[in-house]
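Remarks on the structure that follows.
The values are calculated or read from the model by the stated rules, or taken from the named source; none is laboratory data. On a predicted model such as this, the values are computed, not experimentally measured, just so you know. Neighbour counts are summed over all protein chains in view; Cβ atoms, including those assigned to glycine, are modelled from backbone coordinates with ideal geometry.
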Amino acid sequence: MLFLHILILGALAISNTTGTFGSGHMLNSTQSLTHSAASAIMDFVKKNGYAGILVAMTFESASIPVPSEVVLPLVGILSYEGYFNIYYALLVIYISSFVGMAIDYYIGYYLGKDFVFSHLDWFHLKRRTLISFNRWFAANGAFAVFICRCLPVVRGIISFPAGFARMDQKKFFVYSMAGSIIWDSVLTMFGYYELSATTGSNFIIAVSVFAIVLYLIYVEIVKKRISRS
């Protein structure tokens, strides 16, 4: 928890003191793309209210590439500004997480591994990634389900291996929701308490940096460990 707090404050410091993510064409391109995504998500959520949160977070939980690292802090700051009631917003987020994970779990449960592997493009998945997560689930079971729900980028993928294995439904949802509630609450409340004092432009920059850092953590640490499983 403290580590995430430090990341966000560091991002705010960067945005306030330099106004840039750093040098280099690749980093600047990533900044532009992430900044645009954050702005688009904020506009979508503002326009559609609680329904916008429901759609965005259901997609995210169902492995469709909508970044919770951006959506949740945005919902937090919009709640602080009065667009949402923070408690209703969190309730909608939890419901969305449940619906999204259920979609992927039941696809794996009822349609099976062959169907998913035959239509990986539908789920925006790479074959190697899904195989790695399937192995990690086979080795770690419920623990893998819980941990994955607390990780950036890959939170939804674990629902498929759990479905393939026909993991007990009650156990799957208990462990999945436990991890999701932690992740969802922490990022939303950081937006509410820590990022609410920033200006709009600095907030978008801070969230963009935060999302990039979480992705780098996934690539450098999490992905390598899962691949070795």
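Observations on the model:
- Residue check, residue 112 part of a helix (DSSP H, G or I) and either touching a strand residue (DSSP E or B) at 6+ places or on another chain (Cβ under 7 Å) or on the phi > 0 side of the Ramachandran plot (or both): yes
- Residue that is surrounded by the fewest Cβ atoms within 10 Å (Cβ to Cβ), among those in segment 42-90 that are without any contact (Cβ under 8 Å) to a residue 40 or more places away in the chain and assigned to a loop (DSSP other than H, G, I, E, B): 82
- Across segment 54-100, the number of residues qualifying as in contact with a Lys or Arg (Cβ under 8 Å, 6 or more places away or on another chain) and either farther than 24 Å from residue 133 by Cα or of a type in the set (Val, Ile, Thr) (or both) comes to 2.
- Residues of segment 92-102 satisfying the condition of being of a type outside the set (S, T, N, Q), out of contact with any Leu (no Cβ under 6 Å at 6 or more places or on another chain) and more than 13 Å from residue 189 (Cα to Cα): 94, 95, 98, 99, 100, 101, 102
- Among the residues of segment 115-130, the ones that are assigned to a helix (DSSP H, G or I) and out of contact with any helix residue (DSSP H, G or I) (no Cβ under 9 Å at 6 or more places or on another chain) come to 2 in all.
- For segment 109-130, filtered to residues that are hydrophobic (A, V, I, L, M, F, W, C) and over 20 Å from residue 148 (Cβ atoms), the residue that is surrounded by the most Cβ atoms within 10 Å (Cβ to Cβ) is 111.
- Answer from 38, 62, 56, 11 - the residue that is in contact with a helix residue (DSSP H, G or I) (Cβ under 6 Å, 6 or more places away or on another chain), at pLDDT below 55 and not hydroxyl-bearing (Ser, Thr, Tyr): 11
- Filtered by the rule that a residue be over 19 Å from residue 99 (Cα atoms) and either surrounded by 20 or more Cβ atoms within 10 Å (Cβ to Cβ) or of a type in the set (Ser, Thr, Tyr) (or both), segment 131-186 gives 132, 133, 134, 136, 137, 144.
- Criterion applied to 114, 121 was being over 21 Å from the mean Cα position of the chain (by Cα) and acidic (Asp, Glu), and the one residue passing it is 114.
- Residue check, residue 174 at pLDDT 95 or above, within 17 Å of residue 64 (Cα to Cα), part of a helix (DSSP H, G or I) and not hydroxyl-bearing (Ser, Thr, Tyr): no
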